[in-house]
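Participant: Structure below; questions to follow.
The values are calculated or read from the model by the stated rules, or taken from the named source; none is laboratory data. From a predicted model like this one, the values you see are computed outputs, not experimental measurements. Virtual Cβ from ideal backbone geometry, glycine too; neighbours counted across all protein chains shown. For accessibility, only protein heavy atoms count, side chains too; no ligands or nucleic acids. Shrake-Rupley method; radii C 1.70, N 1.55, O 1.52, S 1.80 Å.
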Amino acid sequence: MTAVENAITQAHRNEWARVVASLAKRFGDLDIAEESAAEAFATAVERWPVDGVPPNPGAWLTTTANRKAIDRIRRESKRDDKQKEAQMSYEEPPEPLGVIDDERLRLIFTCCHPALAMETRVALTLRLVGGLTVPEIARAFLVQETAMGQRITRAKAKIKAARIPYRVPAAEDLPSRMSGVLAVLFLVFNEGYLATGPDTDPVRQDLTAEAIRLTRLIRGLLPADGEVAGLLALMLLTEARRTARVSQTGELVALDEQDRGAWDTTMIAEGHDLVRERLATRLPPGRYQILAAINAVHTSAPDIRDTDWSQVVALYDQLARLDRSPIVALNRAIAVAELDGPDVALALVDGLGDKLSGYHLFHATRADMLRRQGRSDESRAAYDAAIKLAGNTAEVAYLTRRRSQLG
C-alpha cells in the first residue's frame, strides 16, 4: 500500500463518522449525508495521488462533502427556496451541545430513535457511524446482504418521512435509546476485534478503540447504569487479549494457546474492578454484565487448566434466561465441553444446526468436538464447512491448520 493509499484508508477510519455526523446535523437528511461523504472520499481517491495528501485530511473531506451536498440540493427542484438558502449558507448558528458533546456519539443516539425497530437502529448506526459495509453488517446479523441493504434503506426513508429531528437528545431521552446504543457499540467492537471481511485486517484496532472511547463517554453520562459498566468491562477484558490473539504469521491463536503474559494487565484490572463494582450492588445483572463476568473468569485464570468452567457454565445458564439466541447456546455448549466432555456438548451443538448452519463458528465448534471424539472424517468435513463460511483471514489460517492436523 502506498503512502497516499494508507492516508486515505486512515482518513476513512478516522473521519467517516465525523463527516457524516456533520452533514446529517446540517442538512437533516441521512441520504445526503452518507452519499455526499462517500463522494468526498471518492474525490480524495482521485485527487490526493495527484495533488498530495492535504495537511488536514478531515477538514478537506468535510469541506468537499459539504460542497457535494450543496450541489445535490441545488439540483433538486422540490425543495423550498428558503430551506435551500439556509442549508447552503456556510454561516451556521452555534448549537448548544446539551448532554452529549461528541459528534459521533450524538449521531449514534439520533439513529437509535425509539421509532425504529431495534435491529434497524443497530444496522443503520453501524453503517453511518461505524462505517461498516453492508456485507459486514449482514454477517453480524447472519442475514443476506440484499436484505440488510433494504433494511438500511427503509430506515433512512422512515426517518425522513417521520421527520425525526437530528438533534442532541435531552437527558430524559437517553434511557429509552440506551439498549440500541449499547448494541451498536458492542457490534462495532466485535467487528474490530475479529473482522468478518476477507479484505480487511483480521483485527481492526481503530474500531475497538473507538467503541471503548464512546462507551467511556456514556459511562460518564450514566455512571449508575449497570449495563453501561458491564459493556465497558466486557470490552476491556476482551481487548486486553488482543495482542495475543493473532500470531506473527497471521493466524488466530485460540484461548488455550495464548501467551497470557502478553495480556494487558492494566485493562484486566480495570475490567475486574467494574465487574466487582456491579456485583457489590446485588442488583440483577443484564446481558453485558454477565458476559463481562464470564470474561473475568477467563482472565482470572493464570493457565487455561485453572479456568473455573463450572462457574462459566453457570453464568451462561444465567445469560440464556435473558438471551435465548442460538449463539449464546453455542458458546454455552463450548463451556460444557470443557466441563462434561465433547459427547455431551456435541449433542447440544447438533441441536442448533437448523438455526446456525450458515455460521462458520457453528461448524468450527462441531469440527473441534468431533476431533476430540476421534471422528476424523466427520471433523474434516466440518472444518471444510467452517473454512468456506469464514471471512476473517486469521480464522481461515487457524481452521486450515487444525484441519491439516487430522492427517
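Participant: Considering only residues of segment 373-386 that are over 26 Å from the mean Cα position of the chain (by Cα) and hydrophobic (A, V, I, L, M, F, W, C), which is nearest to ASP350 (Cα to Cα)?
Facilitator: ALA382
Participant: Shifting gears a bit: If you take the residues of segment 282-304 that are assigned to a loop (DSSP other than H, G, I, E, B) and over 13 Å from LEU255 (Cβ atoms), which of them is least open to solvent (accessible area, probe 1.4 Å)?
Facilitator: GLY286
Participant: What do you reckon, is LEU348 more than 22 Å from LEU194 (Cβ to Cβ), open to solvent by 70 Å² or more (accessible area, probe 1.4 Å) and modelled with pLDDT of 95 or more?
Facilitator: Taking the combined requirement at face value, the residue satisfies it.
Participant: Right, another one. Name the residue, out of THR238, THR243, that is open to solvent by less than 30 Å² (accessible area, probe 1.4 Å) and polar (S, T, N, Q).
Facilitator: THR238
Participant: Name the residues in segment 107-135 that are open to solvent by 10 Å² or more (accessible area, probe 1.4 Å) and closer than 19 Å to THR200 by Cβ, would you?
Facilitator: Selection gives ARG127, VAL129, GLY130, GLY131, THR133, VAL134, PRO135.
Participant: For GLU227, indicate whether it is under 27 Å from GLU277 (Cβ atoms), open to solvent by 30 Å² or more (accessible area, probe 1.4 Å) and at pLDDT 95 or above.
Facilitator: Values: under 27 Å from GLU277 (Cβ atoms): yes; open to solvent by 30 Å² or more (accessible area, probe 1.4 Å): yes; at pLDDT 95 or above: yes.
Here the answer is yes, as GLU227 does meet what is asked.
Participant: More than 25 Å from LEU231 (Cα to Cα), of a type in the set (Lys, Arg), open to solvent by less than 40 Å² (accessible area, probe 1.4 Å) and at pLDDT 80 or above: is that true of LYS156 in this structure?
Facilitator: yes
Participant: Of the residues LEU322, LEU389, only one is at pLDDT below 95, under 26 Å from the mean Cα position of the chain (by Cα), open to solvent by 60 Å² or more (accessible area, probe 1.4 Å) and hydrophobic (A, V, I, L, M, F, W, C); which? Before the answer, list the steps.
Facilitator: Details: LEU322 fails: at pLDDT below 95.
Only one candidate qualifies: LEU389.
Participant: Here is a follow-up. Quick test for you: out of ALA24, ALA69, ALA65, ALA40, pick the one residue that is open to solvent by less than 20 Å² (accessible area, probe 1.4 Å) and at pLDDT below 90.
Facilitator: Values: ALA69 fails: at pLDDT below 90; ALA65 fails: at pLDDT below 90; ALA40 fails: at pLDDT below 90.
It is ALA24.
Participant: Could you tell me how many of the residues in segment 139-166 are assigned to a helix (DSSP H, G or I) and either of a type outside the set (A, V, I, L, M, F, W, C) or under 20 Å from the mean Cα position of the chain (by Cα) (or both)?
Facilitator: 17
Participant: If PRO169 meets every condition in (1) open to solvent by 20 Å² or more (accessible area, probe 1.4 Å); (2) not in a helix (DSSP H, G or I) apart from one, which number is that one?
Facilitator: (1)
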